[in-house]
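Comments concern the structure below.
The values are calculated or read from the model by the stated rules, or taken from the named source; none is laboratory data. Only a predicted model underlies this, so the values are computations on that prediction, with no experimental measurement involved. Counting neighbours? That spans all protein chains shown, and the Cβs are built from the backbone with ideal geometry, glycine included. Remember, those area values only see protein heavy atoms, side chains included, never the ligands or the DNA or RNA. Shrake-Rupley method; radii C 1.70, N 1.55, O 1.52, S 1.80 Å.
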Amino acid sequence: MILQGKTVLITGATSGIGKAIALAMANEGANVVINYTSNDTAAEKLSISLKTKSNCLTVKADISSGSEVTKMFEKIKKEFGKIDILINNAGIFDSRDSPFNLEAFRNTFETNFFAQIDVTRKAKEMMESGKIIFISSIHAKLGNGRPSAIAYSASKAATESYMKNL
């Protein structure tokens, strides 16, 4: 159990890649913080399965809300005291995505880019040392994607650039 005693925060942890990461981290003995926005049932099911393998904290918080992020980190600090690994996994795809829909761009960038910065900043304050991981998408690199995923692709490219420069 190579992560015994380490605390891992996974944003968007209740489905897909985030859920798989949460399960893998628990299998390695990490304390797992499950962040999610809306699916209470999925969060509860994941929490139950993780608690048989590791310590687990489930926090419902929309990472695009600064006040919810602050409350999430207060809960993490109270429960575990620190964070060793941050996995910025949460992301959205706006169904209104198109080349000229600024609202879709704003909405997508708010979660897929700006919220990642906020979460990273707050996590860094609780890290003595550790790792920060960003989950991106092939859409960040394609350069010839589809117009119905332009905001998504741009937000993932911005996230990759931020990560590399961080």
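Need the full-extension length gain, LEU102 to LEU166, defined as separation in residues times 0.36 nm minus the C-alpha distance. One decimal, nm.
Computed gain between LEU102 and LEU166 is 20.4 nm.
From the backbone phi of the range 82-96, what are the Karplus-calculated ³J(HN,Hα) couplings (6.51 cos²θ - 1.76 cosθ + 1.60, θ = phi - 60°) in whole Hz, Gly and Pro given as x?
7, 10, 9, 9, 10, 10, 7, 10, 4, x, 10, 10, 8, 5, 8
Report the label-to-label distance for LYS60 and SER95 in nanometres (one decimal), using points 7 Å from each Cα along the Cα→Cβ vector.
2.2 nm
Using a 1.4 Å probe on the protein chains only, how many percent of the accessible area of the range 1-100 belongs to carbon and sulfur?
52 percent
By how many degrees, between 0 and 90 and to the nearest 10, does the Cα long axis of helix 16-27 differ from the longest principal axis of the chain?
Approximately 20 degrees, to the nearest ten.
What length, rounded to one decimal in nm, is gained on full extension from LYS78 through to ARG146, with 0.36 nm per residue of separation minus their alpha-carbon distance?
Additional length available on full extension: 20.1 nm.
Rolling a 1.4 Å sphere over the protein heavy atoms, what is the accessible area per residue of the chain, to the nearest Å²?
52 Å²
Calculate one ³J(HN,Hα) per residue across the range 152-166 by plugging θ = phi - 60° into the Karplus curve 6.51 cos²θ - 1.76 cosθ + 1.60, and present them in order as whole Hz with x for glycine and proline.
So the J values, rounded to whole Hz, are 4, 4, 5, 5, 6, 5, 5, 5, 4, 5, 4, 4, 5, 7, 5.
Looking only at ALA151, ALA123, ALA42, which one moves most when the chain is put into a Gaussian network model with springs between Cα atoms under 10 Å?
ALA42
With a cut-off of 8 Å between alpha carbons and a minimum separation of six or more residues, what is the relative contact order of the chain in percent?
Computed over the chain, the figure is 21 percent.
Contour minus end-to-end for THR70 and ILE138, with contour as 0.36 nm per residue of separation and end-to-end as the Cα-Cα distance?
Difference between extended and current length: 21.4 nm.
Spin-label point model (7 Å from Cα, Cβ direction): what's the LYS124 to SER15 distance in nm?
Result: 3.1 nm between the two label points.
Along its principal axes, what span do the Cα atoms of the range 108-166 show, with the longest given first and each in whole Å?
41, 18, 15
Residues with amide H under 5 Å of ILE133's amide H, sequence separation 5 or more or different chain, H placed in the peptide plane at 1.01 Å from N; which?
Under 5 Å from the amide H of ILE133 lie the amide H atoms of LEU86, ILE87, ASN88, each far enough along the sequence or on another chain.
Write down, largest first, the equivalent ellipsoid semi-axes of the range 47-153 in whole Å, where each equals the square root of 5 times an eigenvalue of the alpha-carbon gyration tensor.
Three semi-axes, in Å: 30, 15, 14.
Treat each spin label as a single point 7 Å out from the Cα along the C-beta direction, and report the ALA24 to ILE48 distance in nm.
Here the answer is 2.6 nm between the modelled labels.
Take the alpha-carbon centre of the range 126-166, take the same for the range 49-86, and report the distance between them in whole Å.
With the range 126-166 and the range 49-86 each reduced to a Cα centre, they are spaced 22 Å.
At 222 nm, what helix-only mean residue ellipticity would the chain give, in deg cm²/dmol to the nearest 500, using -39500 (n - 2.57) for each DSSP H run of four or more?
Taken over the chain, the calculation gives -14500 deg cm²/dmol.
How far is helix 115-125 tilted off the main Cα axis of the chain, in degrees rounded to 10, range 0 to 90?
The two axes meet at around 30 degrees.
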